[in-house]
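Written below as structure tokens is the structure these notes are about.
The values are calculated or read from the model by the stated rules, or taken from the named source; none is laboratory data. All of these numbers come straight from a predicted model, not from anything done at the bench. Backbone-built Cβ (ideal geometry, glycine too); neighbour counts: all protein chains shown.
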Amino acid sequence: MNFDAESSPTWKLWGEEREEGAVYTIYLKKVRYQNPTKTLLDSDDERSHLEWETVRVKFIKAGTIEKLVNSLASDDGELESTFVNIFLATYRTFASSHHVLSLLIERYEYLVNNKFNLSETMIDPLKKTVISALHVWLDSYPEDFRDPPLHTCLRCLHSFTYSYLPKTELHIKATYRLDRYLKECKQLDETSTYICDDYDLVIGESPQSPYNFPDVAERHFAEQLTRMDRDVLKGMVAHQCLGAVWSKNKRAGSAPTVLATIDQFNAVSLRVISTVLLALNSDRAHVIETWIDIAQELRVLKNFSSLKAIISGLQSNSVFRLQKTWQSVPRDKVELFQELARIFSEDNNQWAQRKLLIREGTAKFADTFGHNDRHLQKIIQKQQISKLNIGTIPYLGTFLTDLTMIDAATPDVLPDGLINFDKKRKEFEVLAQIKLLQGAANSYNIPEDTVFDQWFHSILVLDDREAFRISCQIEPPDHLPSSCANSIIGTGKKYNYEHKKNDSISSNCSVKSYYGLSDDGLHSPNNSLDKQDSLLDLSSSSSSYSLQSFDMSISGSNNTNQSVKNSINNSTFNTTSDFYIIRITLDAVNVETDGVVMYKSIMLSNNERTPQVIRNAMLKFCIDDDPENYVLSQVLPDKEMILPMTANVYYAVNTEYDLNFSLRKKTWKNNNTIPKK
């Protein structure tokens with residue numbers, strides 16, 4: 001709900017009102033007085049001197065599921081349209097579709113039998129609100145009733161309308177939907193065999209790449225990427241973004257459309273990495289330049305998803321460390337790349353991205369952004385107004401960050417057991433923005449290029465280990481012996497090698513992205529480009545990705561005491577937040593590397609005790625063992641503080657120092673502190 005009652009001059013917060021099973025927030029609203037007895041024949045002198053009156057308005061703040069369903073109607077029987085929209089968009093986080101439908105049907109039956117002991121004048125309006133709510137639900141969220149092969153909820157609704165509302169619009173609508181869904185299931189069953197046969201005919205074919213990348217038309221490439229992004233965005237079910245279910249390990253769960261959007265993002269980034277690493281040495285800089293030009297066109301098209309994906313691919317460990325290659329990229333292209341990367345800066349809580357989405361979300365054309373972005377200013381100012389209608393494709397991570405922060409900071413259930421509906425109102429505001437941009441995506445009118453699709457799907461995709469191995473073959477690490485580099489590659493771990501100037505180590509690390517991306521403080525070949533994000537990868541079966549945990553590795557050197565000190569500056573944390581981002585290194589003899597410190601970064605919430613934090617770290621390090629066999633300690637300047645297994649880590653940590661931790665197998669006596677090595 002985009003309504004802020006407290007900031008409105010005609011609204012005043014009065015307080016709370018409690019009843020059994022519900023808590024309401026009460027506002028006093030100033031409205032113009034309407035004299036119910038006034039007639040047209042009344043003179044001015046006879047008019048009431050009272051021009052304004054104050055009325056009480058209440059919004060449900062928390063309640064049981066039954067109270068929330070009952071609140072779909074106001075006291076006078078009017079449908080609470082705002083509440084209905086919020087409820088239907090968010091109820092899946094605390095109830096099932098079948099449960100809500102059962103409660104609505106039960107409420108209607110109670111009204112029919114007048115079990116609420118209401119006056120006859122109230123029963124019909126309240127019955128109509130139930131019917132209206134069912135209409136809105138069926139029209140706005142048809143996926144809730146599409147559950148093949150049985151379609152249980154739709155059958156239940158059809159049975160209800162057949163018994164109580166025969167031949168009404170709702171009954172006809174439910175009958176039509178059920179017949180259509182059943183026919184679709186039958187057709188799918190009949191064609192499944194033929195689909196398998198067709199697949200057998202084409203299996204093993206490897207179509208030749210129809211494009212000679214990087215010699216391509218960048219604008220056309222950007223348009224085709226936008227077409228792909230548009231299709232997955234339009235097909236995305238917004239409420240699947242709730243509850244961070246998309247970040248859970250089981251990908252076949254309840255957020256397939258969100259995962260499809262993330263998969264498309266990853267697909268673009270992975271192809272950026274592959275085309276750069278697999279190119280001929282003489283073409284590699286040209287490939288990077290081409291991707292920057294495509295990113296420029298995506299900016300003009302207002303496609304922030306593929307734009308972010310290309311930036312992330314070029315900033316990935318394997319590509320970004322190619323110092324000699326980047327030195328061959330024209331300086332003006334590197335500067336353009338910097339300007340594009342600044343759009344996704346994590347400073348000020350993704351302020352730049354949000355400002356752009358607000359300003360350009362429904363605008364027809366792109367606009368200039370930063371005062372120092374001279375390349376982008378020229379490009380956008382010179383854009384030709386074509387017949388192509390421009391929409392907006394957002395970077396979904398911006399909204400997933402917002403929803404995850406709301407989810408982490410606000411409980412679903414209050415201490416008295418009531419569902420926290422104020423949280424649902426906050427979540428709905430984010431979902432409404434997503435749906436607005438989904439509508440804006442309809443403005444794109446881009447024809448499909450099947451040749452492009454063939455090229456896109458024919459590109460060999462490299463996993464992290466293979467990509468880094470090839471990257472080190474192209475440009476071996478300068479500060480490690482080749483034998484050591486080979487041993488690192490063999491571990492399958494990810495390491496970031498900084499382009500150092502005067503042997504100094506960058507400590508620009510900040511962790512402000514909660515979309516599973518890391519902010520390693522790497523420097524570009526021109527010593528001016530900071531690595532903002534690494535590739536988001538949910539597609540690898542070997543990764544235990546979650547929003548609360550993501551990888552980050554920092555390279556150190558032996559001639560400095562900062563191998564651990566190069567961590568997140570405490571100033572990057574909001575000390576009033578309900579979480580910290582901490583970095584954990586694994587202290588084990590089999591991962592010793594000369595001059596390299598490997599970290600995993602995870603989110604630490606305010607209710608996690610030591611065993612849970614150890615378990616989260618073990619998942620990141622792919623360790624299958626009992627957390628009781630490990631010790632977690634915070635690394636301090638002159639010692640390490642071992643955390644007891646019963647400690648709440650959030651409150652036990654010393655926030656005056658960097659939040660660096662060490663995970664060790666239990667091989668020594670547990671003391672409160674041990675000397676730092």
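Six or more apart or on different chains, Cβ atoms under 7 Å: show the pairs whose first residue is in region 78-90 and under 12 Å from Glu427 (Cα atoms) and whose second is among the basic types (Lys, Arg) and crowded, with 16+ Cβ neighbours inside 10 Å.
Note: pairs meeting the criteria are Ile86/Lys424; Ile86/Arg425; Thr90/Lys424.
Residues that are out of contact with any Leu (no Cβ under 9 Å at 6 or more places or on another chain): find the helices (runs of 4 or more DSSP H) completely inside region 42-160 holding 2 or more of those.
81-90, 97-112, 120-140
Can you find a residue in region 172-183 that is on the phi > 0 side of the Ramachandran plot and in the same structural domain as Leu79 (by TED's automatic domain parsing)?
no
Can you work out which of the residues in region 14-59 that are modelled with pLDDT under 70 and among the small types (Gly, Ala, Ser) is farthest from Ser74 (Cα to Cα)?
This residue is Ser43.
Could we say that Ile446 is buried (at least 16 other Cβ atoms within 10 Å of the Cβ) and not in a helix (DSSP H, G or I) here?
Considered against the rule, which asks whether it is buried (at least 16 other Cβ atoms within 10 Å of the Cβ) and not in a helix (DSSP H, G or I), Ile446 comes out as yes.
Take Arg155 and decide whether it is in contact (Cβ under 8 Å) with a residue 12 or more places away in the chain, surrounded by fewer than 18 Cβ atoms within 10 Å (Cβ to Cβ), in contact with a Lys or Arg (Cβ under 9 Å, 6 or more places away or on another chain) and closer than 25 Å to Val237 by Cβ.
no
Yes or no: region 273-289 includes at least one residue that is of a type outside the set (S, T, N, Q), touching a Gly at 6+ places or on another chain (Cβ under 9 Å) and at pLDDT 90 or above.
Yes, region 273-289 contains at least one residue that is of a type outside the set (S, T, N, Q), touching a Gly at 6+ places or on another chain (Cβ under 9 Å) and at pLDDT 90 or above.
Given the options Leu188, Leu233, Leu242, Leu178, name the one that is touching a strand residue (DSSP E or B) at 6+ places or on another chain (Cβ under 9 Å) and either at pLDDT 60 or above or surrounded by 12 or more Cβ atoms within 10 Å (Cβ to Cβ) (or both).
Answer to the check: Leu233.
Look at region 12-32 and say how many of its residues are surrounded by 15 or more Cβ atoms within 10 Å (Cβ to Cβ) and assigned to a loop (DSSP other than H, G, I, E, B).
Final tally of qualifying residues: 1.
Could you list, ordered by first residue, the pairs with Cβ atoms under 8 Å in which the first is in region 624-649 and over 15 Å from Arg664 (Cα atoms) and the second is polar (S, T, N, Q) and surrounded by 15 or more Cβ atoms within 10 Å (Cβ to Cβ), at least 6 apart or interchain?
Thr646/Thr610; Ala647/Thr610; Val649/Thr610
Return the residues of region 635-661 that are surrounded by fewer than 21 Cβ atoms within 10 Å (Cβ to Cβ) and among the polar types (S, T, N, Q); say none if nothing qualifies.
Thr646, Asn648, Asn654, Thr655
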